[in-house]
Amino acid sequence: MGITGLLPFVKNACRKGNILELRGKSVAIDVSCLLHRGLTGCMDKIHMGEETKSYISYVDKYVKELLAMGCHVVMVFDGRPLPAKKGTNDDRREQREKRKEQAEMLLAKEREARDTYRLATSISTEIVQKTIEFFRKLPNVDIVVAPYEADAQLAYLMESKLVDA
């Protein structure tokens, strides 16, 4: 997902750093990015209707790393779909459905099926709810569900100096 060509556009506003610079800071993270990565390891189970929470373990690995460094973690989740992106989201949903059907036909070809399932995976409300439920009890972790996409909420948190990074 994301915006095509965004990284080269913002490159000059970025700098290399070391995670140790975050020690003791308040850090906001876009949980959707981590969930997408975590879901790639279990998307076949999800599409087959099997119960799994390995995506939570994936996110937990990063959150625990920050907590171990004394960080206060603000986990920002996407909220409702942005109305201005309705056409884009509809196209993506249609593509995911096609890829899911294609993956089911490719199950005999396991690698191709996995790659296609990865492209068909989306973050459902149930996945978000299970993730929030897991993390909301942890000390030094706050949960924010953005009105729409997490990006704007992350920018607001930084601009308002509510988080350090």
> Among the residues of region 22-56, how many are in a helix (DSSP H, G or I) and either touching a residue at least 40 places away in the same chain (Cβ under 8 Å) or farther than 18 Å from Ala165 by Cα (or both)?
Replying inline: 16
> Are there any helices (runs of 4 or more DSSP H) wholly within region 74-155 with 1 or more residues that are surrounded by fewer than 17 Cβ atoms within 10 Å (Cβ to Cβ) and at pLDDT 80 or above, and if so which?
Replying inline: 86-105, 125-135
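Considering only residues that are aromatic (Phe, Trp, Tyr) and closer than 16 Å to Glu133 by Cα, look in region 10-63 and name the one that is surrounded by the fewest Cβ atoms within 10 Å (Cβ to Cβ). Step through it out loud before you land on a result.
Going through region 10-63, the residues aromatic (Phe, Trp, Tyr) turn out to be 55, 58, 62.
Those left that are additionally closer than 16 Å to Glu133 by Cα: 55, 58.
On the way: Tyr55: 25, Tyr58: 18.
Looking at residues that are aromatic (Phe, Trp, Tyr) and closer than 16 Å to Glu133 by Cα, I get Tyr58.
The values are calculated or read from the model by the stated rules, or taken from the named source; none is laboratory data. Source: prediction; values computed, not measured. Backbone-built Cβ (ideal geometry, glycine too); neighbour counts: all protein chains shown.
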